[in-house]
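Take a look at the structure below.
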Amino acid sequence: MTATAQHFPPEPAAAAALVWFRRDLRDFDHAALCAALAAHSAVHCAFVFDTEILGALKSRADRRVSFIWHSVRELKEALESRGSTLHVLHGLARVEIPRLARGLGVCAVYANRDYEPQAIQRDEAVARRLSGLGMEWRSYKDQVIFELDEIRTRQGAAFSVFTPYKAAWLAQLAVRPVAAYGLDRLYSHLARTESKAMPTLADLGFETGDMPAPAGMSGAAFTLKAFAKRLKNYAKLRDYPAKDATSGLSVHLRFGTVSIRHLVRLARRRKGVGAAVWLSELIWRDFYFAILARRPDVIDKPFRREYAALKWDDSQKRWQAWCAGSTGYPIVDAAMRQLNADGRMHNRLRMIVASFLVKDLGIDWRRGERYFAQRLLDYDLAANNGGWQWCASTGCDAQPWFRIFNPVTQSQRFDPDGRYIRSYAQELSRVPKAFIHAPWTMTPSEQEACGCRIGHDYPKPIVNHSKARLRTLARYARARPAHRDRG
């Protein structure tokens, strides 16, 4: 697979243009920026802290805003090192971008496509305003390798099962190698613009939040370099949360401080099972983007419509225990406490806690999806929705409805020594390894000996898994047509 840079054909120097950065906070291998620089002799760049998005955030110390702010600052500094700058605005993007475009006298606004319904509506509104001003809107594929219409079945339909989608995706990659967008010869077309100070986090109405992951292009490069050394063991170790085995790049993919094309090329260059499994995870990302683009209703409805009939429980006590990490199941509690503490959660743990909420507690998956949306540093609507519906068995290519994770056996398998559990559930720090996954099985004297009295120092299990499993099987069976009970 070649890594030769790809370019947009140069056009005669035209009037100035504006590139609007969104979830693509880098100045390299950038589709819209490359297209604009190839077509115009003066290209301005902008980012908007969109009040439509910021206003919906519940916490004024949201870590994602801090991550974005630091990434935007680094992008601005990178552009200034090339003699240009980044216009950093604060307001309604659908208003601010046309206003800036008009003030700069550009003829077109360039951006990379977004696939979330709210973003699509925003971009359509911006395009209409620009058209009214006599300006063009030009959008490009950048955050995925293949868009929805590029991967189809032989009959021309969209895929709803991952394995054949992956086969078609890889077949396309074999004939359409992914190359970087070469910008080196085009940077001279950046507009020479006076730099202005960007709004501070306080100006945006936010506090400085903790940064559990390094931000910006430099943070992405550092994270990728470290992961590249571990890639060969990825398949073997990735499911163990106590081990530093995953890429750590999800937040950088979310905000575009790294290029998906570069990651795919790296995975293809490397040999071995680790690289192949990691590439599959990157393909899942494209798959979920395609599902969201084709079926935006999955945001609040099951992909498999027969599951709209599911009747959920509404126990506020159990819901609050799950949110707080006080369910009495150590692996669930440790994962939820980490999420609340720093906005991160290992992928295996996401499956465990999601299954527990839906299939042990009987609570609607949409509530869990929304909670993750508030807390996850790397929250991405397409992947998060796809993951929750997979666990709830309501999505495309989801786990079977009768497959129910046992939180104890999952804990025993993926945190055998309890090292991860003890990191986030301090009251269990002295519990012996034999009981760390199910501390309620200790005798009263054993509880006293390790200083962990169940029901006092650490909660009792809020549900009995075996009984909850039977309730879940009955719930799903009632919601399904009888002839498809094991479909």
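The figures follow:
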quantity: Test result for residue 134, outside any helix (DSSP H, G or I) and either in the same structural domain as residue 285 (by TED's automatic domain parsing) or over 22 Å from residue 255 (Cα atoms) (or both); calculated: yes
quantity: Count of the stretch 235-263 residues which are surrounded by 20 or more Cβ atoms within 10 Å (Cβ to Cβ) and at pLDDT below 95; calculated: 0
quantity: Filter pass, residue 395 being under 23 Å from the mean Cα position of the chain (by Cα), at negative phi, at pLDDT 95 or above and in the same structural domain as residue 321 (by TED's automatic domain parsing); calculated: no
quantity: Members of the stretch 456-468 that are assigned to a loop (DSSP other than H, G, I, E, B), closer than 24 Å to residue 355 by Cα, out of contact with any strand residue (DSSP E or B) (no Cβ under 6 Å at 6 or more places or on another chain) and not hydrophobic (A, V, I, L, M, F, W, C); calculated: 459, 461, 464
quantity: Flag for residue 199 being at pLDDT below 95 and surrounded by fewer than 17 Cβ atoms within 10 Å (Cβ to Cβ); calculated: no
quantity: Unique match (being of a type outside the set (Lys, Arg), closer than 30 Å to residue 307 by Cα, modelled with pLDDT of 95 or more and in the same structural domain as residue 357 (by TED's automatic domain parsing)) among 434, 425, 438, 468; calculated: 468
quantity: Within the stretch 300-331, tally of residues that are modelled with pLDDT under 95, surrounded by fewer than 18 Cβ atoms within 10 Å (Cβ to Cβ) and either part of a helix (DSSP H, G or I) or in contact with a Pro (Cβ under 6 Å, 6 or more places away or on another chain) (or both); calculated: 4
quantity: Matching helices (runs of 4 or more DSSP H) fully within the stretch 1-118 where at least 1 residues are modelled with pLDDT of 95 or more and buried (at least 20 other Cβ atoms within 10 Å of the Cβ); calculated: 31-39, 63-80, 93-104
quantity: Residues within the stretch 178-194 that are more than 30 Å from residue 398 (Cβ to Cβ) and surrounded by 15 or more Cβ atoms within 10 Å (Cβ to Cβ), tallied; calculated: 11
quantity: Residue, nearest to the chain's Cα centre (by Cα), within the stretch 247-268, restricted to residues that are free of Cβ contacts under 8 Å to residues at least 40 places away in the same chain and in a loop (DSSP other than H, G, I, E, B); calculated: 249
quantity: Residue check, residue 216 at pLDDT 95 or above, on the phi > 0 side of the Ramachandran plot and out of contact with any Gly (no Cβ under 9 Å at 6 or more places or on another chain); calculated: yes
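The values are calculated or read from the model by the stated rules, or taken from the named source; none is laboratory data. Just so it is clear, the structure is predicted and the values come from calculations on it, not from any experiment. Cβ sites come from the backbone with ideal geometry, for glycine too, and all protein chains shown count toward neighbours.
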